[in-house]
Amino acid sequence: MSAKILSVDDSRMVRSVISRLLKPFEVELLEAENGEIGLAIATEKLPNVIILDYNMPVMDGVTMLTKMRENESTKSIPVIMLTADANPQIIATVARLGVKDYITKPFKDADLIAKIGRTVQLVPRPAAPPAA
Amino acid sequence: MSSDQERLKLHKMAALAMAEVLDTQLHLPGVETEKYSLADHDTLCVKGHVAMHGPQFTGDIFLEIPVPFVRSVAQQIFGFENPADVQDADLKDVVGELSNMIGGRVAAELLAEGLTCTLVPPDKSIVTRVKHEAKDSAELSQTYWLCDGNLISLTVQKKLITS
């Protein structure tokens, strides 16, 4: 069974980069452009891991995370924060909310894949058969 | 610390942030340059602005990248076959996120100096490049970068709050 990964970021660029990085693996990638949509998808689809931005319009990452932790069905979903903001108050807050990891932007492709791989099993997609 | 030393420090922070973002996120090397002409200031650019607010200072990051270069970067990132398929919203998304990342790196450097701040989500627009001037008693660093033959400008401004 492929891993279900939810990417929540208001930047389409970041979501596209994550999508490209995960393309070689058997994953079902879900996307949301803010915390409100992310929370709805997390509740409905129960992903295996969420890659979450902090600074977003409508609902920020910390609010989404707080609401997730209050809900029995989503409170244990592992979350990796991926944000440009290294403010110590934010880091302390998300640490209290039990985030699995914290990555600051800009990020190296290999670092992100390694950290996702520590949370869910990333199985490579089988190679496409050669064209006849 | 003198104003020149402050400006030099700001310049170093901006240079570190810019080089890291270009290399890590766009996989393109950027080289700081002082060779530019006034004509380059007339280039139509995608501009990202990130404001920084802290208890001890306020600041701004302005990133300006020529439209054709952003179009080519966006085409690759979003996987469009045709450059004409890239919309203005795509251009603004790319530069907004790059300026956000630069803002984050500069904020981390300022944090190492004991200055905390939060970042405001980026403002994005398509404008003619301008030469930024320091406002009031703000320290300002405007640097120019060559990346894949394109002139990028980065301005970092910081103003201490005096009580």
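Observations
- When A:S16, A:S11, A:S7, A:S73 are screened for being farther than 19 Å from A:R125 by Cβ and within 14 Å of chain B (Cβ to nearest Cβ), only A:S11 passes.
- Summed over the range A:37-59, residues that are modelled with pLDDT of 95 or more and open to solvent by 40 Å² or more (accessible area, probe 1.4 Å) total 7.
- Top-ranked residue in the range A:80-132 [being touching a residue at least 12 places away in the same chain (Cβ under 8 Å), among the β-branched types (V, I, T) and within 19 Å of B:L111 (Cα to Cα); ranked as most open to solvent (accessible area, probe 1.4 Å)]: A:T104
- Lone unmet requirement of (1) within 12 Å of another protein chain (Cβ to nearest Cβ); (2) over 28 Å from B:A19 (Cα atoms); (3) acidic (D, E) for A:D53: (2)
- Subset of the range B:119-148 [loosely packed, with under 14 Cβ neighbours inside 10 Å and outside any strand (DSSP E or B)]: B:K131, B:E133, B:K135, B:D136, B:S137, B:D148
- Lone unmet requirement of (1) hydrophobic (A, V, I, L, M, F, W, C); (2) open to solvent by 10 Å² or more (accessible area, probe 1.4 Å); (3) over 17 Å from the mean Cα position of the chain (by Cα) for B:V86: (2)
- Only one entry in A:M68, A:M13 is open to solvent by less than 10 Å² (accessible area, probe 1.4 Å), of a type in the set (A, V, I, L, M), farther than 22 Å from B:Q25 by Cα and more than 12 Å from the chain's Cα centre (by Cα), namely A:M68.
- Looking at B:T162, B:T155, just one residue is in a strand (DSSP E or B), β-branched (V, I, T) and either under 26 Å from B:G54 (Cβ atoms) or touching a residue at least 60 places away in the same chain (Cβ under 8 Å) (or both), and that residue is B:T155.
- Answer residue from the range B:89-118, given it is surrounded by fewer than 22 Cβ atoms within 10 Å (Cβ to Cβ) and not in a helix (DSSP H, G or I) and is farthest from the chain's Cα centre (by Cα) among those: B:G114
- Only one entry of A:L6, A:L65 meets the criterion of being outside any helix (DSSP H, G or I) and touching a residue at least 12 places away in the same chain (Cβ under 8 Å), and that entry is A:L6.
- B:I77 being among the aliphatic types (A, V, I, L, M), closer than 23 Å to A:L21 by Cβ, out of contact with any Pro (no Cβ under 6 Å at 6 or more places or on another chain) and buried (at least 16 other Cβ atoms within 10 Å of the Cβ): yes
- Pairs, first away from chain A (no Cβ under 13 Å) and in contact (Cβ under 8 Å) with a residue 24 or more places away in the chain in the range B:64-87, second surrounded by 13 or more Cβ atoms within 10 Å (Cβ to Cβ) and among the small types (G, A, S), C-beta under 6 Å, six or more apart: B:E64/B:S153
The values are calculated or read from the model by the stated rules, or taken from the named source; none is laboratory data. Just so you know, these numbers come straight off a predicted model, no measurement behind them. Positions of Cβ are generated from backbone atoms using ideal geometry, with glycine treated the same way; all protein chains shown enter the neighbour counts. Ligands, DNA and RNA are excluded from the accessible area calculation, which covers all protein heavy atoms including side chains. Shrake-Rupley method; radii C 1.70, N 1.55, O 1.52, S 1.80 Å.
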